[in-house]
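Undergrad: Starting off with a structure, shown below.
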Amino acid sequence: LVGIYFLLQSIRSFFFAVFAIRASTILHKHLIESILRVALVFFESTPLGRVLNRFSKDIKDIDDTMPDAFQWAILCTLRVISIAVVLTVSAPVFGVALVPITIVYLVL
């Protein structure tokens, strides 16, 4: 059981690392393209340190914050689904009420 848990955690960590690297690469590419297309007046009025700090902050946010937020969202979604399944199995009437509740939630 511990081996299965270790394997699943390793797979999860690997995919989070891959997705985080991909997100950072895409963000960095878009930032570079945006900076290279800006008018020269921008560089005359904005210090280079400010531009570099902005790059650093955005990349740091993607590297540090996004994986945690993504993991939290997946965890909460799975918890809601598991609670709905347990309630439906234990009280089938809840399953009947769950369908319209889900539709209303998705529409709103």
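Undergrad: Quick one: pull the percent of accessible area on the chain belonging to carbon and sulfur, 1.4 Å probe, ligands and nucleic acids left out.
TA: Summing carbon and sulfur atoms, their accessible area is 76 percent of the total for the chain.
Undergrad: Classify segment 27-89: rounded, prolate or oblate, from the alpha-carbon gyration tensor (a ≥ b ≥ c, eigenvalue square roots; a/c under 1.5 rounded; otherwise prolate if a/b is larger than b/c)?
TA: prolate
Undergrad: At a 10 angstrom cut-off on C-beta neighbours, averaged per residue, how do the peptides 22-30, 10-18 rank from highest to lowest?
TA: Sorting 22-30, 10-18 by mean packing, highest first, produces 22-30, 10-18.
Undergrad: For the chain, just say rounded, prolate or oblate: build the C-alpha gyration tensor, square-root its eigenvalues into a ≥ b ≥ c, call rounded for a/c under 1.5, and beyond that prolate if a/b exceeds b/c, oblate if not.
TA: Oblate is the answer for the chain, as a/c is 1.5 or above yet b/c matches or exceeds a/b.
Undergrad: Here is a follow-up. Read phi for every residue in segment 22-32 and hand back ³J(HN,Hα) as whole Hz from Karplus 6.51 cos²θ - 1.76 cosθ + 1.60, θ = phi - 60°, with x for Gly and Pro.
TA: Karplus-based 3J(HN,Hα) across segment 22-32 equals 5, 5, 5, 5, 5, 4, 5, 4, 5, 5, 4 Hz.
The values are calculated or read from the model by the stated rules, or taken from the named source; none is laboratory data. These numbers were taken from a predicted model, which means no experiment stands behind them. When we count neighbours, we look across all protein chains shown, and the Cβ atoms used for this are built from the backbone with ideal geometry, even at glycine. What goes into the accessible areas is simple: the full protein's heavy atoms, side chains included, and nothing from ligands, DNA or RNA. Shrake-Rupley method; radii C 1.70, N 1.55, O 1.52, S 1.80 Å.
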